[in-house]
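Computed from the coordinates by the stated procedures, all read-outs in this text should not be read as laboratory data. Source: prediction; values computed, not measured. When we count neighbours, we look across all protein chains shown, and the Cβ atoms used for this are built from the backbone with ideal geometry, even at glycine.
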Amino acid sequence: MKQEALDRYAEAFRRDGFVQVPGVLTADELARYGAAVDEAVTTRKAGDTRRLDEKTPYEQSFLQCQYIWEDFPGVRGLTFHPKIGELTAALLGASKVRLWHDQALYKEAGGRETEAHQDQPYWPIAERDTATVWIPFAATSDATGCMGYIPGSHHDEADFVDIFNTPGDSSRLRERYADRPPVYVHCEPGDVIFHHGFTTHMAKANRSGDTRRVYTAIYFADGSHRHGERAHPSVDRDAIPVGGVIDGGATPVTWPLEGGRIPEPEPWPDAAGLEWRERAERLGIIPKRA
């Protein structure tokens, strides 16, 4: 991508905390990677036969499958896509970018809204140089569950919202930004949205008859450090200490790729996240142990 375009997108990202970049992926790439992520979600969720109304409010917002690049090789070209890596580095002003984790977020037909929240309070990363890429495999609209962002909210302080266990906890953020309505972004196939880790965002309910198929990945600037004791596989798997540089095998460099080669995933240690791991594996959220 031309430097002029990269600079323009970076300026918008710094100002608003999000930016929509049109035409990043080709139709062939969307079809290929969409099929790979579909396979991952179908395989991971095969054992979860609950109806939508039998799930928790959080689970009604989307089907979630994390670290899918590790057990589904067909996804890796998307996770480490050179255009996405180049754009992320430009937006963060970083010379080298690492992966925090990737995930599929498939909002089922009838799925509820995704409540307003900021991402970074869930991650033990000290620095603010983080970005999430949001990639829909089909056009998105108000009816299918498009994303909404509060412009400029990434300049504000973090506020942990428990969207996992406390429905309605996002009301604090809604009240904070009562005078600043969210900007809802409609996407065409091939468009990609980037948002900052501190940007307050949400998604509408899926009122269509089809699943909203979206792949996301979180990236951060190389050289970032672990902040606090909050547990997270992306640092716990490599035993990154508090204050330590996050540079383990669970968080590989995505841009630039050494020798242009996508790294091989490293196995999960048996001790990582024992309290919740069995359930997370059973629900297809993380890869199953070999």
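In the elastic network of the chain, a GNM with C-alpha springs shorter than 10 Å, the most mobile of 162, 119, 191 is 162. Over the chain, what is the relative contact order in whole percent, taking alpha-carbon pairs under 8 Å and six or more residues apart? Relative contact order of the chain: 29 percent. Looking at the chain as a GNM with Cα springs under 10 Å, which of 166, 200, 132 has the largest mean-square fluctuation? Between 166, 200, 132, it is 166 that shows the largest mean-square fluctuation. Computed over neighbours whose Cβ is under 12 Å from that of residue 164, the net charge equals -4, Lys and Arg +1, Asp and Glu -1. Shape analysis of the chain based on the Cα gyration tensor places the equivalent ellipsoid semi-axes at 24, 24, 21 Å, largest first.
With Cα atoms defining each centre, region 240-290 and region 108-161 are spaced 22 Å apart in the structure.
When the Gaussian network model of the chain links Cα atoms closer than 10 Å, the mean-square fluctuations of 278, 266, 54 top out at 54. Taking amide hydrogens as placed 1.01 Å from N in the peptide plane, the amide H of residue 147 sits under 5 Å from those of 185, each at least 5 positions away in sequence or on another chain. Around the amide H of residue 125, modelled in the peptide plane, lie the amide H atoms of 227, all under 5 Å away and 5 or more residues distant in sequence or on another chain. Dividing the mean sequence gap of close Cα pairs (under 8 Å, 6+ apart) by how many residues region 82-184 holds gives a relative contact order of 32 percent. Simple spin-label estimate for residue 7 and residue 183 gives 2.1 nm between the two label positions (7 Å along the Cα-to-Cβ direction from each Cα).
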